[in-house]
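Engineer: Just passing along the structure, written as structure tokens.
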Ligand code: NAD
Ligand code: AKB
């Protein structure tokens with residue numbers, strides 16, 4: 001077991017639950033402190049320490065870091081793309097201030113490492129759509145994307161100026177069955193599996209041919225841990241790494257479900273999230289992550305669909 005003491009902020013969200021459980025396996029249950037604004041998630045209960053925390057309260061966060069001898073922070077609290085468009089100033093405030101609080105405490109306390117995720121949302125309508133490169137036009141048009149891009153610059157700044165070992169990934173849309181997604185544009189790709197099993201039909205809020213980069217949660221958790229475990233000398237990107245898993249459209253994911261559940265039907269009623277999705281890439285070039293720390297995804301649409309349906313069937317029985 002390693003001696004590190006980890007704080008996960010936003011531990012009850014879609015990524016937080018699975019990441020906390022994975023970190024507890026690696027570092028020991030008592031060495032990973034989970035925290036969130038919300039009540040403790042049922043899958044975390046009894047698995048290790050839990051504290052109620054508002055990351056916007058810098059003093060409270062600072063006391064927590066000192067009291068628990070924290071050496072690494074994973075900051076997952078954020079307002080995602082669809083929710084962000086409903087209250088842009090709030091999304092900007094929360095997404096930026098939470099990061100600045102963590103980076104500044106990391107600097108003051110000399111923390112070993114910080115993890116903070118960015119998103120494919122940093123890219124905008126003028127970025128190349130196919131195999132979007134690591135370094136290219138980055139002009140996000142959603143407040144979520146703007147806050148992620150600004151956050152990337154802050155991460156690089158704290159690394160270059162103060163030596164904070166901060167690492168980051170631009171996650172694609174994440175698909176999982178353990179913890180529900182929290183207000184993103186890619187959430188349809190989770191909802192569709194639930195509705196297919198519960199109702200046999202799904203009304204999609206994106207149009208049938210909207211391609212987006214996506215990733216199954218086990219790949220995202222593994223990527224996060226591999227990045228954080230990599231030797232610091234191998235991390236050439238201190239803003240955020242492009243990361244790719246698979247790409248598909250609503251019509252294609254529906255087709256994959258229909259192969260397994262032939263009676264499943266889908267209809268399309270695009271709403272405001274269509275415009276957000278249209279500003280994002282269709283696929284991502286993650287060759288730098290492959291080169292620097294050996295990233296390679298395992299799940300494609302077929303393998304993910306088998307796993308999602310198998311696990312959701314067990315969960316729903
Ligand atoms: P989520 O909304 O499911 O979870 C976020 C958690 O943070 C929630 O449990 C929420 O209660 C908590 N939180 C919110 N405000 C807080 C505060 N002030 N103090 C403490 N906790 C607070 O989000 P997620 O999908 O797990 O995303 C985690 C991170 O990964 C975010 O930065 C998100 O932008 C990024 N990301 C997610 C995806 C995805 O598809 N899920 C894709 C790209 C990037
Ligand atoms: C969202 O849709 O907002 C997230 C993301 C891609 O960052 N899933």
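Engineer: Anything in region 14-33 that is away from ligand 2 (no atom under 16 Å from the Cβ), out of contact with any helix residue (DSSP H, G or I) (no Cβ under 9 Å at 6 or more places or on another chain) and closer than 25 Å to residue 63 by Cβ? List them, or say none.
Structural biologist: Passing the criteria: 20, 27, 28, 29.
Engineer: Sticking with this structure for a sec: Does any residue of region 158-171 turn out to be in a helix (DSSP H, G or I), away from ligand 2 (no atom under 13 Å from the Cβ), in contact (Cβ under 8 Å) with a residue 12 or more places away in the chain and closer than 19 Å to residue 76 by Cβ?
Structural biologist: Yes, region 158-171 contains at least one residue that is in a helix (DSSP H, G or I), away from ligand 2 (no atom under 13 Å from the Cβ), in contact (Cβ under 8 Å) with a residue 12 or more places away in the chain and closer than 19 Å to residue 76 by Cβ.
Engineer: Taking residue 33 as meeting all but one of (1) in a loop (DSSP other than H, G, I, E, B); (2) within 15 Å of ligand 1 (Cβ to nearest atom); (3) more than 22 Å from residue 174 (Cα to Cα), write down the number of the exception.
Structural biologist: The number of the failed condition is (1).
Engineer: Residues 277, 233, 256: which one is loosely packed, with under 14 Cβ neighbours inside 10 Å and either over 17 Å from the mean Cα position of the chain (by Cα) or more than 22 Å from residue 135 (Cβ to Cβ) (or both)?
Structural biologist: Exactly one of 277, 233, 256 is loosely packed, with under 14 Cβ neighbours inside 10 Å and either over 17 Å from the mean Cα position of the chain (by Cα) or more than 22 Å from residue 135 (Cβ to Cβ) (or both), namely 233.
Engineer: Output the residues belonging to region 43-78 that are within 20 Å of the chain's Cα centre (by Cα), surrounded by fewer than 18 Cβ atoms within 10 Å (Cβ to Cβ) and more than 10 Å from ligand 1 (Cβ to nearest atom).
Structural biologist: 43
Engineer: Which one of these is in contact with a strand residue (DSSP E or B) (Cβ under 6 Å, 6 or more places away or on another chain) and at pLDDT 95 or above: 245, 255, 200?
Structural biologist: 245
Engineer: Identify all residues within region 117-135 that are farther than 26 Å from residue 221 by Cα and either within 13 Å of ligand 1 (Cβ to nearest atom) or surrounded by fewer than 18 Cβ atoms within 10 Å (Cβ to Cβ) (or both); write none if there are none.
Structural biologist: 125, 126, 128
Engineer: Condition check: farther than 21 Å from residue 158 by Cβ, assigned to a strand (DSSP E or B), more than 16 Å from ligand 2 (Cβ to nearest atom) and at pLDDT 95 or above. Does residue 11 satisfy that?
Structural biologist: Spelling it out, it is not the case that residue 11 is farther than 21 Å from residue 158 by Cβ, assigned to a strand (DSSP E or B), more than 16 Å from ligand 2 (Cβ to nearest atom) and at pLDDT 95 or above.
Engineer: Mind checking whether some residue in region 179-200 is in contact (Cβ under 8 Å) with a residue 24 or more places away in the chain and farther than 29 Å from residue 315 by Cα?
Structural biologist: no
Engineer: Where in region 55-134 are the helices (runs of 4 or more DSSP H), entirely inside, with at least 1 residues that are within 15 Å of ligand 2 (Cβ to nearest atom) and in contact (Cβ under 8 Å) with a residue 12 or more places away in the chain?
Structural biologist: Result: 81-86, 88-109.
Engineer: Do we find a residue being buried (at least 20 other Cβ atoms within 10 Å of the Cβ) and over 19 Å from residue 228 (Cα atoms) anywhere in region 19-31?
Structural biologist: No, that holds for no residue.
Engineer: Being within 15 Å of ligand 1 (Cβ to nearest atom), in contact with a strand residue (DSSP E or B) (Cβ under 9 Å, 6 or more places away or on another chain) and more than 26 Å from residue 5 (Cα to Cα): is that true of residue 145 here?
Structural biologist: yes
Engineer: State all residues of region 279-317 that are out of contact with any strand residue (DSSP E or B) (no Cβ under 9 Å at 6 or more places or on another chain), farther than 21 Å from residue 257 by Cβ and touching a residue at least 24 places away in the same chain (Cβ under 8 Å); if no residue qualifies, say none.
Structural biologist: Answer for region 279-317, where residues must be out of contact with any strand residue (DSSP E or B) (no Cβ under 9 Å at 6 or more places or on another chain), farther than 21 Å from residue 257 by Cβ and touching a residue at least 24 places away in the same chain (Cβ under 8 Å): 279, 294.
The values are calculated or read from the model by the stated rules, or taken from the named source; none is laboratory data. Keep in mind that what you see is a predicted model, and the values were worked out from it rather than measured. Here Cβ is always computed from backbone atoms with ideal geometry, including for glycine, and neighbour counts include all displayed protein chains.
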